[in-house]
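First up is the structure itself, then whatever we jot down about it.
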Amino acid sequence: MTYAAPCQLEVSAHINGVQRELFTTQIANLPIMLKSKYCHLRGLSRDDLIKCGEDPDDPGGYFIINGTEKVLISVEDLASNKLLIEHQKIGVSDFVGRLFSEKGSFKIPHTFEKMKDGIFYLTFTRVKRVPVIVVLKALGLTKDEEIMKFISATTPYDEVFINLYEFVDIKNQEDAIDWIAKRIGITQSREIRIERTKELLEKYLLPHLGLTEKDSLSKAYNMCKLLKRFIGVSKGEVAVDDKDHYMNKRLKLSGDLLADLFRANFKVLIGDLLYNFQRIVKRGKFPSIKVIIRDKLLTSRIYSSMATGNWVGARKGISQRIQRLNFMETLSHLQRVVSPLSSTQENFEARGLHPTHMGRLCPVETPEGTNIGLRKNLAMLAEISQHEGEEGMVKVLKEYGLKVIK
């Protein structure tokens, strides 16, 4: 027995701009968390729960997969879309800034470095160590005066002057894009080089700020601010970031983990649909899409991950059988938080108790042995704030004097 609800998808097929068919079909059965928004037990009184044969003191927060109670363990990770700068004891750069830009299925690591020659470099996806000034010019910020103004309108930095002088020959956006294309090894004609590199910058450079050409200037302005902060840290004007500070951490709860699982397996379903469609078309037939959608494919893959605990991103042990030895152990299991760091490595600072854990994580409950400090538990009265939309935050900031750059 699995406690789940059907997931419907509206499909519309168009041929040469003309709609051929429109229908709604079931693509999967999604597991439902007990006492969640979509659960029948939500909002029932204590007496009603007893009438239904349920334990009124049961906290919920778990799933039932093939007759087994499963809990998804929360995963602790570094905050996305936030530049964290740390001091490097070894390597070519004294300071390294890292940012994980996340939007939907995209999670692109970005690295800022300053080499011995004083040039600032950016690395993301297949673009390895490209000068930041060239990237800014490729995004449309071509005037040196504008670059200096957006990095710091009040204090001119000598480091920026050196970088601007080094690439003073690049006068327009196309030259900057072509320079990056040659740097990363694209060897086709100039037009194709520029087109491919433009697409690379739109899709994989800071995707959380947008994925279209009109977002390029916004990316350039944000990169200027990131560069200013990196310069401030390298000069000792701003303190380096503490990765273990809980301000720089985020928790992936059951909803986020299920969304990752669904997103990865939905791509598999689309690939299977495309394969079956092409196979039938090659035989000279034109099938209805409703016939070739395999709803059991997505369901079986989700159930398999929930049953075994093997998750997307090669993570293991995400889904576990809930402990029912006593009530306190059940609560403890539901509030468990694991770190993605390997238990075989030292990571002393990550394992240690941080002042910001107070009131958020239990300072005592962690196992002995290799997992000490990596497997933690939320404090009994801890509450997790949910993701808020940008509109409300921007409105408050505007009231306090925030000016929008056009």
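The values are calculated or read from the model by the stated rules, or taken from the named source; none is laboratory data. No experiment lies behind these values; they were computed from the predicted model shown. Positions of Cβ are generated from backbone atoms using ideal geometry, with glycine treated the same way; all protein chains shown enter the neighbour counts.
From the list Pro340, Pro287, which residue is of a type outside the set (A, V, I, L, M, F, W, C) and either modelled with pLDDT of 85 or more or loosely packed, with under 12 Cβ neighbours inside 10 Å (or both)? Show your work before the answer.
Details: Pro287 fails: either modelled with pLDDT of 85 or more or loosely packed, with under 12 Cβ neighbours inside 10 Å (or both).
Exactly one of Pro340, Pro287 is of a type outside the set (A, V, I, L, M, F, W, C) and either modelled with pLDDT of 85 or more or loosely packed, with under 12 Cβ neighbours inside 10 Å (or both), namely Pro340.
Which residue pairs have Cβ atoms under 9 Å apart, sit 6 or more places apart or on different chains, and have a first residue in the range 87-115 that is within 25 Å of Leu261 (Cβ to Cβ) and a second that is crowded, with 17+ Cβ neighbours inside 10 Å and among the polar types (S, T, N, Q)?
Lys107/Ser101; Ile108/Ser101; Pro109/Ser101
Going through the range 377-399 one residue at a time, which ones are surrounded by 10 or more Cβ atoms within 10 Å (Cβ to Cβ) and either acidic (Asp, Glu) or in contact with a Pro (Cβ under 9 Å, 6 or more places away or on another chain) (or both)?
Scanning the range 377-399 gives a single hit, Ala379.
Could we say that Arg98 is in the same structural domain as Thr212 (by TED's automatic domain parsing), out of contact with any helix residue (DSSP H, G or I) (no Cβ under 8 Å at 6 or more places or on another chain) and surrounded by 12 or more Cβ atoms within 10 Å (Cβ to Cβ) here? Before the answer, list the steps.
Working: in the same structural domain as Thr212 (by TED's automatic domain parsing): yes; out of contact with any helix residue (DSSP H, G or I) (no Cβ under 8 Å at 6 or more places or on another chain): yes; surrounded by 12 or more Cβ atoms within 10 Å (Cβ to Cβ): yes.
Spelling it out, Arg98 is indeed in the same structural domain as Thr212 (by TED's automatic domain parsing), out of contact with any helix residue (DSSP H, G or I) (no Cβ under 8 Å at 6 or more places or on another chain) and surrounded by 12 or more Cβ atoms within 10 Å (Cβ to Cβ).
Looking at Val268, Val233, Val240 in this structure, which one is of a type outside the set (S, T, N, Q), outside any helix (DSSP H, G or I) and modelled with pLDDT of 90 or more? Don't jump to the end; show me each part of the working.
Values: Val268 fails: outside any helix (DSSP H, G or I); Val233 fails: outside any helix (DSSP H, G or I).
Checking each option against the conditions leaves just Val240.
Scanning the range 184-205 for residues that are part of a helix (DSSP H, G or I) and surrounded by fewer than 18 Cβ atoms within 10 Å (Cβ to Cβ), which turns out modelled with the lowest pLDDT? Please lay out each step first, then the result.
Let us first name the residues in the range 184-205 that are part of a helix (DSSP H, G or I), namely 190-204.
Within this subset, residues satisfying the condition of being surrounded by fewer than 18 Cβ atoms within 10 Å (Cβ to Cβ) are 190-192, 195-196, 199, 203-204.
Numbers: Arg190: 87, Glu191: 90, Ile192: 91, Glu195: 92, Arg196: 92, Glu199: 92, Lys203: 90, Tyr204: 91.
If we take residues in the range 184-205 being part of a helix (DSSP H, G or I) and surrounded by fewer than 18 Cβ atoms within 10 Å (Cβ to Cβ), then Arg190 is modelled with the lowest pLDDT.
Between Lys252, Lys282, Lys296, Lys290, which is under 23 Å from Ser80 (Cα atoms) and basic (Lys, Arg)?
Working: Lys282 fails: under 23 Å from Ser80 (Cα atoms); Lys296 fails: under 23 Å from Ser80 (Cα atoms); Lys290 fails: under 23 Å from Ser80 (Cα atoms).
Going through Lys252, Lys282, Lys296, Lys290 in turn, just one is under 23 Å from Ser80 (Cα atoms) and basic (Lys, Arg): Lys252.
Condition first: buried (at least 17 other Cβ atoms within 10 Å of the Cβ) and small (Gly, Ala, Ser). Can you find one or more residues in the range 244-267 that meet it?
Yes, the range 244-267 has at least one match.
State all residues of the range 120-162 that are aliphatic (A, V, I, L, M), over 19 Å from Ile177 (Cβ atoms) and in contact (Cβ under 8 Å) with a residue 40 or more places away in the chain; if no residue qualifies, say none. Explain how you work it out, then say what you get.
Filtering the range 120-162 for residues aliphatic (A, V, I, L, M) gives 122, 127, 130, 132-136, 138-139, 141, 147-148, 151, 153, 160, 162.
The next check asks that each one be over 19 Å from Ile177 (Cβ atoms); those that pass are 148, 151, 153, 160, 162.
Across the range 120-162, the qualifying residues are Ile151, Val160, Ile162.
Find all pairs meeting these conditions: Cβ atoms under 9 angstrom apart; at least six residues apart or on different chains; first residue within the range 382-406 and among the hydroxyl-bearing types (Ser, Thr, Tyr); second residue surrounded by 10 or more Cβ atoms within 10 Å (Cβ to Cβ) and at pLDDT below 90.
none
Which of the residues spanning the range 1-56 are aliphatic (A, V, I, L, M), surrounded by 10 or more Cβ atoms within 10 Å (Cβ to Cβ) and more than 27 Å from the chain's Cα centre (by Cα)? Steps first, please.
Let us first name the residues in the range 1-56 that are aliphatic (A, V, I, L, M), namely 1, 4-5, 9, 11, 13, 15, 18, 22, 27-28, 30, 32-34, 41, 44, 49-50.
The next check asks that each one be surrounded by 10 or more Cβ atoms within 10 Å (Cβ to Cβ); those that pass are 4-5, 9, 11, 13, 22, 27-28, 30, 32-34, 41, 44, 49-50.
The answer is Val11, Ala13, Leu22, Leu41, Leu44, Leu49, Ile50.
Give the number of residues within the range 21-49 that are in contact with a Phe, Trp or Tyr (Cβ under 9 Å, 6 or more places away or on another chain) and part of a strand (DSSP E or B).
5
When the range 265-283 is examined, which residues are found to be under 11 Å from Arg294 (Cβ atoms) and in contact (Cβ under 8 Å) with a residue 24 or more places away in the chain?
Val268, Leu269, Asp272 - these are the residues of the range 265-283 that are under 11 Å from Arg294 (Cβ atoms) and in contact (Cβ under 8 Å) with a residue 24 or more places away in the chain.
Of the conditions (1) touching a Ser or Thr at 6+ places or on another chain (Cβ under 9 Å); (2) closer than 22 Å to Lys235 by Cβ, Leu139 clears all except one; give me its number.
Leu139 satisfies every listed condition except (2).
Residue check: is Gly236 without any contact (Cβ under 8 Å) to a residue 12 or more places away in the chain and closer than 30 Å to His354 by Cα?
Details: without any contact (Cβ under 8 Å) to a residue 12 or more places away in the chain: yes; closer than 30 Å to His354 by Cα: yes.
Here the answer is yes, as Gly236 does meet what is asked.
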